[in-house]
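Read the structure below first, then the notes.
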Amino acid sequence: MGCVNRTDLGLLALRAAVGGVLFAHGGQKLFGWFGGGGLEGTATGMEAMGFKPGGQSALAAGLGEAGGGALLIAGLATPVAGPIVAGTMAGASVVHFPHGFFATKGGYEYPALLGVCGLALGIAGPGRYSLDQLTGHRLNRPWLGALAFVASAAGAFSVVCKRERGIREAAAKAMESEPE
């Protein structure tokens, strides 16, 4: 194995930090851990944010965060984990976008940073301190990353467009029902 490699150690630290945060957020959504709402509470919140159906949206967001985070922590299927995280965080960023960039104002800074970090890890690879390394990189193939990126981008685009369409339709319906 040789000497400790600073680059690989840095990748491990970044994977652990980003993956840990994502896993915790996904645990909130799926299981109610760490003060989260669990699937039921998250589904209600997702509906209020315009993601319908809320239950499916909550499950998808929770799995994207917890699953993508766990894969990043382990350094397993890293080229797939990165795009999963990026796609999931694209949906979160859209919710925060109207509030501007900075998180202090409710902006998209935080989910965008998590998504970009996940994507960068998916591109860079997990480093030598990973399950991908231990498995001979069976799930760390460039074509897997390309396929995951296309699928994740298409999924995120579809979810965001569906949400935006639903919000526009709800606004139009509300305007129609207002008395003149």
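The values are calculated or read from the model by the stated rules, or taken from the named source; none is laboratory data. Every value quoted in this text rests on a predicted model; they were computed, and no experiment measured them. Quick reminder, even Gly has a Cβ in these numbers, built from the backbone with ideal geometry, and neighbours come from all protein chains shown. These accessible areas exclude ligands, DNA and RNA; they are computed on the full protein's heavy atoms, side chains included. Shrake-Rupley method; radii C 1.70, N 1.55, O 1.52, S 1.80 Å.
Just to be sure I understand the model, the point goes 7 Å from the Cα along the line to the Cβ. What's the resulting S177 to E40 distance in nm?
In this crude spin-label approximation the distance works out to 2.6 nm.
What ranking of W33, W143 comes out by heavy-atom accessible area, probe 1.4 Å, highest first?
Descending order: W143, W33.
Where does each of K105, K29, K162 land when they are ordered by accessible area, with a 1.4 Å probe and the largest first?
K105, K162, K29
Round to the nearest 10 and report in Å² the accessible area of S158, as given by a 1.4 Å probe over the protein chains' heavy atoms.
70
Over the chain, calculate the relative contact order: mean separation of alpha carbon pairs under 8 Å at least 6 apart, over the residue count, as a percent.
About 23 percent, as a whole number.
Whole Å is fine, so just give me how far the alpha carbon centre of segment 1-29 lies from that of segment 70-108.
15
Report, in degrees rounded to the nearest 10, the 0 to 90 angle that the Cα long axis of helix 6-31 makes with the longest principal axis of the chain.
40
For helix 109-124, what angle does its Cα long axis make with the longest principal axis of the chain, in degrees from 0 to 90 and rounded to 10?
Approximately 40 degrees, to the nearest 10.
Starting from the 7 Å offset along Cα-to-Cβ, what nm value, one decimal, do you get for the label separation of E47 and L113?
3.3
Where the only charges are on Cβ atoms (+1 Lys, Arg; -1 Asp, Glu), what is the dipole of the chain about its Cα centre, to the nearest 20 debye?
Computed charge dipole of the chain: roughly 560 debye.
Roughly how many percent of the accessible protein surface of the chain is carbon and sulfur, given a 1.4 Å probe and a whole-percent answer?
69
Per-residue ellipticity at 222 nm for the chain, helices alone: DSSP H runs ≥ 4 residues times -39500 (n - 2.57), over residue total, nearest 500 deg cm²/dmol?
Result for the chain: -25000 deg cm²/dmol, rounded to the nearest 500.
With every protein chain in place, what's the accessible area of M89 (1.4 Å probe, Å², nearest 10)?
That residue has around 10 Å² of solvent-accessible surface.
What lysines does K173 reach when the alpha-carbon gap must be under 22 Å and sequence neighbours fewer than 8 apart in one chain are set aside?
Filter leaves K52, K162.
Taking the Cα centre of segment 1-97 as the origin and placing charges on Cβ (Lys, Arg +1; Asp, Glu -1), which of V95, W33, G20 is farthest toward the positive end of the dipole?
The residue sitting most towards the positive pole is G20.
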